[in-house]
Amino acid sequence: MIITLDKLKKGESGVIVSLTEGEQALKFMEMGCTPGEEVTLDSIAPLGDPIAVLVSGYKLILRRTEAALINVELINER
Amino acid sequence: MRKNSIISSRTFKVALLGNPNSGKSTLFNALTGMNQHTGNYPGVTVEKISGGFVLQDGLNEAPLLVNLLDLPGTYSLYPKTLDEEVCYNVLCDDDNPDCPDAAIIVADATNLRRNLFLASQIIDIGIPSIFVLNMIDFASAKGLSIDEDKLSHLLGVPVVSTNARRKTGIDALKKILATELKRSEKTLLNVKEFINPYLIDEVKKIYPKKTDYGVYQAINNQAGISHFEAPSEKAAELKRLIKEYGYDKHKAQTSMTIERYKIITEIVKECVSVNEEQKRKSFSARIDKALTHRVWGYFIFLLILFLIFQSIFFIAPYPMKAIEFLFVKISELGRIYLPSGELSSLLINGILAGLSGVVVFVPQIALLFAFIAILEDTGYMARVSFLMDRLMRPVGLNGRSVIPLMSGVACAVPAILGTRVIPGRKERLITILVTPFMSCSARLPVYTLLISLVIPAKLALGYFNMQGLVLMGLYLLGFIAAISVAALLKFLIRVKEKSYFVMEMPLYHLPKLSVVGLSVYQKVKVFLLEAGKIIVIISIILWFMASHGMPGAFSRIDKNFANGDTVKKYTPAQLNNLISGEKLKASFAGDAGRLLEPVIKPLGFNWKIGIALITSFAAREVFVGTMATLYSADNEDNTMSIRQKMAAAADPLTGKKIYTAAAGISLMLFYAFAMQCMSTLAVVYHETKKLKYPVLQFVFMGALAWLASFAAYQLLK
């Protein structure tokens with residue numbers, strides 16, 4: 001199932017399939033969010049936004065609106 | 001210029017670069033020690049930090065002097081922020097005086113993949129480089145082991161592991177720097193697969209020294225927008241070629257980013273092995289459970305804020321009093337030993353007073369920056385952003401605005417210097433512009449005096465002290481004003497630079513004393529040298545206005561008070577007070593006050609208040625001293641005396657009291673909103689590098705103050 005990154009629940013993982021084109025997509029990619037990478041939702045800020053994801057071996061904080069630009073294939077486990 | 005063998009020259013320029021949080025500053029300190037310089041890159045507000053050290057390699061008899069430039073942390077060579085653009089310009093523009101002969105690329109060893117992105121770009125543009133695996137101890141703790149030899153072979157540059165915090169690996173790094181540096185033989189990415197090879201070849205004719213990838217970077221940057229537009233013949237030719245070949249910047253960048261990461265992923269696969277057993281839940285993850293908790297997270301943050309306030313409010317006054325005391329003693333000595341006259345007065349009341357006004361800020365700045373540096377260095381600042389972002393976003397600020405904004409309650413000067421931790425340009429600008437609304441400690445003496453004058457010390461609602469409530473209301477008003485103006489500016493300010501919130505949440509580290517100490521030292525130095533200049537100049541102007549009048553005005557006053565009857569009526573001290581009061585009224589500042597009167601009359605202020613508004617420019621609390629002089633109070637420090645005189649003050653024509661509740665409240669509102677602090681204006685200018693921002697701030701806040709005071713006075717009188 002392909003969903004946007006902001007729709008992941010805490011602890012869920014997905015593999016990046018594509019990014020909505022634009023300046024932001026380029027920024028995400030150079031931060032290591034390239035297609036094929038696995039991302040895990042690590043934590044959600046107390047007020048529900050921003051979120052922190054584990055990607056490429058580190059923790060990245062991004063806002064939900066930004067996360068919505070990243071499409072991931074949900075990994076079914078756990 | 002870059003050469004294949006660089007050891008021939010006696011001094012050489014090395015750039016230190018890497019991702020943010022890669023331990024770059026710690027490595028910089030380990031290499032250069034105290035031999036550092038700070039400044040600014042010409043025309044922009046990006047801090048330029050450089051340092052030097054000497055290499056003795058044994059092979060070359062002559063010692064080699066290394067000039068190390070600490071570039072701002074960046075994730076790629078595609079500039080999006082001012083910091084990144086400075087980095088790009090230094091590395092890619094051969095005409096830049098800072099263009100290095102070699103580069104030390106620092107990488108966080110726990111996070112090789114992302115760090116290799118920038119590193120491989122640097123290697124591809126053909127700068128002789130060393131790849132440093134920093135924080136190697138953290139990598140081991142995570143169960144990662146990296147094959148340095150293989151990595152060096154695949155990248156084509158020497159690789160060295162360091163732990164900059166423990167200073168291990170530094171000697172090895174220096175040794176490589178002295179002996180093995182050369183331009184990489186290979187490029188990782190073949191640019192011609194992605195961009196029309198003819199375009200590359202054509203552009204290469206303009207920049208013959210660049211590698212294919214260097215040429216691509218030149219094309220890529222020219223196709224975009226730049227803060228440092230330098231129209232030259234080369235640039236014009238480049239623009240023409242880009243147009244002719246129909247170069248698509250976005251497409252090229254996307255495909256090359258994806259390809260580069262593919263290559264990097266392969267390299268990482270070959271060089272890094274993970275020991276799953278050691279991959280236990282890290283220390284950082286456990287701390288984060290508490291520090292970003294939805295209850296404890298905020299509680300701990302408030303506690304830290306409270307601690308910062310307490311120390312700025314209660315610790316800083318001691319050294320500040322000592323500094324003031326010292327300056328008072330020096331000027332007393334000056335008064336005794338210098339011949340009285342114009343020059344001495346300028347020296348003591350103008351320059352020395354100005355210097356005192358500058359130096360007195362140092363304790364607050366040092367304390368605030370010590371805290372900010374600790375929060376940054378430990379990695380906690382990123383957590384603050386994570387916690388606070390959602391709250392600050394609606395008013396155009398982001399999570400990192402919180403600490404500078406809140407420290408404005410102590411003093412706007414260190415607070416505005418502290419806005420450099422805010423990533424987006426727009427957010428930073430808004431924070432700078434609204435921070436002066438926060439009720440700073442210099443407003444407190446003004447409020448205390450006026451509250452005691454016009455607000456009865458009665459209980460409101462049976463429990464609350466009215467005076468205390470008004471004071472709290474004024475603080476709240478400052479905060480509300482700051483937030484509302486921020487919300488307004490969010491729509492008004494347009495910046496070229498797009499702001500991203502995306503940021504890394506680094507691992508926790510223990511703060512390092514050398515990093516904290518140097519940050520404090522650099523900030524204090526920049527403040528003293530840069531903002532200090534402007535403050536001293538304005539002080540001298542203020543001194544001139546208050547101590548000089550129209551020709552003959554002062555000598556008439558001296559003559560009037562010199563007759564025998566007057567002298568007998570008063571004690572010498574009283575006489576002195578009377579004379580200085582009369583002189584201030586007759587000075588240029590007095591004239592300016594009278595000139596101001598028509599403008600401030602609707603607010604319930606007379607020309608004497610006008611004088612105080614002008615002298616307050618040195619610092620708001622000067623209001624109290626000016627009032628004391630104007631009303632010839634017996635003792636400046638005696639608030640009771642000033643209060644009584646002010647309370648009795650009446651209009652000579654109508655006999656009505658001047659300091660009514662309406663006028664008092666109007667005056668407090670004026671002090672709450674108006675931009676009356678030259679030090680803040682000087683710092684705003686220094687931090688924005690544009691005159692329009694302090695001017696706008698002055699005009700806007702002044703207008704707001706006028707309107708608020710006008711409304712209050714007209715409604716209440």
Exercise. Between residue B:295 and residue B:235, what length comes free when the chain is fully extended (0.36 nm per residue of separation minus the Cα-Cα distance, one decimal in nm)?
Worked result: 16.1 nm
Exercise. Is the shape of region B:191-274 rounded, prolate or oblate, going by the alpha carbon gyration tensor and its root eigenvalues a ≥ b ≥ c, with a/c under 1.5 for rounded and a/b larger than b/c for prolate?
Worked result: prolate
Seminar exercise, completed: Note on chain A: alpha-carbon gyration tensor, axes a ≥ b ≥ c; rule is a/c under 1.5 for rounded, else prolate if a/b larger than b/c, else oblate; result rounded
For this session: Determine Rg/Rh for region B:414-564; Rg is computed over alpha-carbon atoms and Rh is the Kirkwood hydrodynamic estimate from the same atoms.
Result: 1.13
For this session: With a 1.4 Å probe and all protein chains in place, put A:17, B:384 in order of accessible area, largest first.
Result: A:17, B:384
Exercise. Given the protein chains as shown and a 1.4 Å probe, how many square angstrom of residue B:296 are accessible, to the nearest 10?
Worked result: 140
Exercise. Counting each DSSP H run of 4 or more residues in the protein assembly as shown as -39500 (n - 2.57), what helix-only mean residue ellipticity at 222 nm follows after dividing by all residues, to the nearest 500 deg cm²/dmol?
Worked result: -16500 deg cm²/dmol
Problem set entry | Accessible heavy-atom area order of B:538, B:105, highest first, probe of 1.4 Å | B:538, B:105
Exercise. Which angle from 0 to 90°, rounded to the nearest 10, does the C-alpha axis of helix B:233-244 make with the longest principal axis of chain B?
Worked result: 60
For this session: Report the FRET efficiency, 1/(1 + (r/R0)^6), for residue B:249 and residue B:283, where r is their Cβ-Cβ distance and R0 is 45 Å, rounded to 0.05.
Result: 0.60
Problem set entry | Value of relative contact order over chain B, rounded to a whole percent, pairs C-alpha under 8 Å and six or more apart | 10
Problem set entry | Helix B:639-648 axis, angle to chain B major axis (alpha carbon atoms, nearest 10°) | 60
Seminar exercise, completed: Contact order relative to length for chain A, counting C-alpha pairs under 8 Å separated by 6 or more residues, stands in percent at 44
Exercise. Using a 1.4 Å probe on the protein chains only, how many percent of the accessible area of region B:128-251 belongs to carbon and sulfur?
Worked result: 51
Problem set entry | Extension gain (nm, one decimal) between residue B:573 and residue B:695, 0.36 nm per residue minus Cα-Cα | 39.8 nm
Problem set entry | Overall dimensions of region B:353-462 by Cα: Rg and Dmax, Å | 17.0, 49
Problem set entry | Size of electric dipole in region B:617-717: Cβ of Lys, Arg +1 and of Asp, Glu -1, about Cα centre, debye, nearest 20 | 360
Problem set entry | Calculated P(r) tail over 38 Å for chain B, as whole % of Cα pairs | 48
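Two decimals is fine: what's Rg over Rh for region B:534-716, C-alpha atoms, Kirkwood radius as Rh?
Reported Rg/Rh (Cα atoms, Kirkwood Rh): 1.00.
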Problem set entry | residue B:167-residue B:96 FRET efficiency (beta carbon distance; Förster radius 35 Å; 0.05 resolution) | 0.65
Problem set entry | Taking all pairs of distinct alpha-carbon atoms in the protein assembly as shown, Kirkwood radius in angstrom | 29.6
Problem set entry | Where B:713, B:463 fall by accessible area, highest first, once all protein chains stay in place (1.4 Å) | B:463, B:713
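So how do B:501-508, B:202-209 stack up, highest first, on mean other-Cβ count within 10 Å?
Per-residue mean Cβ counts within 10 Å order the peptides as B:501-508, B:202-209.
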Problem set entry | Farthest toward positive dipole pole in region B:534-716 [+1 Lys/Arg, -1 Asp/Glu at C-beta], among B:715, B:551, B:646 | B:715
Seminar exercise, completed: Residues meeting the amide H criterion for residue B:129 (H placed from the backbone, H to H distance under 5 Å, 5 or more places apart or on another chain) are B:103, B:182, B:184
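If you roll a 1.4 angstrom probe over the protein chains with everything in place, what fraction of the accessible area of region B:610-717 belongs to carbon and sulfur, to the nearest %?
About 66 percent, which is the carbon plus sulfur part of the accessible surface.
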Exercise. Cβ under 11 Å from residue B:597's Cβ, residue B:597 left aside: what net charge do those residues give with Lys, Arg +1 and Asp, Glu -1?
Worked result: +2
For this session: Report, in degrees rounded to the nearest 10, the 0 to 90 angle that the Cα long axis of helix B:678-688 makes with the longest principal axis of chain B.
Result: 20
For this session: Provide the solvent-accessible area of residue B:286, counting protein heavy atoms only and rolling a 1.4 Å probe, rounded to the nearest 10 Å².
Result: 140
Problem set entry | Per residue accessible area in Å² of the protein assembly as shown, where ligands, DNA and RNA are left out and the probe is 1.4 Å | 44
Exercise. To the nearest 0.05, what FRET efficiency results for residue B:206 and residue B:148 with a Förster distance of 56 Å applied to their C-beta separation?
Worked result: 0.90
For this session: List the residues of region B:369-411 that lose 30 Å² or more of accessible area once all protein chains are present, compared with their chain alone (1.4 Å probe, heavy atoms only, no ligands or nucleic acids).
Result: B:386, B:390, B:393
Exercise. Using a 1.4 Å probe on protein heavy atoms only, how many Å² of accessible area do B and A hide from each other, summed over both chains and rounded to 100?
Worked result: 3200
Problem set entry | Accessible surface of residue B:698 - all protein chains present, 1.4 Å probe, nearest 10 Å² | 90
For this session: Pull out the extension gain between residue B:328 and residue B:275, defined as 0.36 nm times the separation in residues minus the alpha carbon to alpha carbon distance; nm, one decimal.
Result: 12.5 nm
Seminar exercise, completed: From the cross-link list A:59/B:426; B:601/B:657; B:167/B:523; B:48/B:80, the entries with a Cα-Cα span beyond 22 Å are A:59/B:426; B:167/B:523
Seminar exercise, completed: Here the percent of antiparallel bridges among DSSP beta bridges lying wholly in chain B, to the nearest 5, is 50
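The values are calculated or read from the model by the stated rules, or taken from the named source; none is laboratory data. The shown structure was predicted, so the numbers you read here are calculated from the model rather than taken from an experiment. Using ideal geometry, Cβ is built from the backbone for each residue, glycine included, and neighbour counts are taken over all protein chains shown. Please note that ligands, DNA and RNA were not included when accessible areas were found on the heavy atoms of the full protein model with its side chains. Shrake-Rupley method; radii C 1.70, N 1.55, O 1.52, S 1.80 Å.
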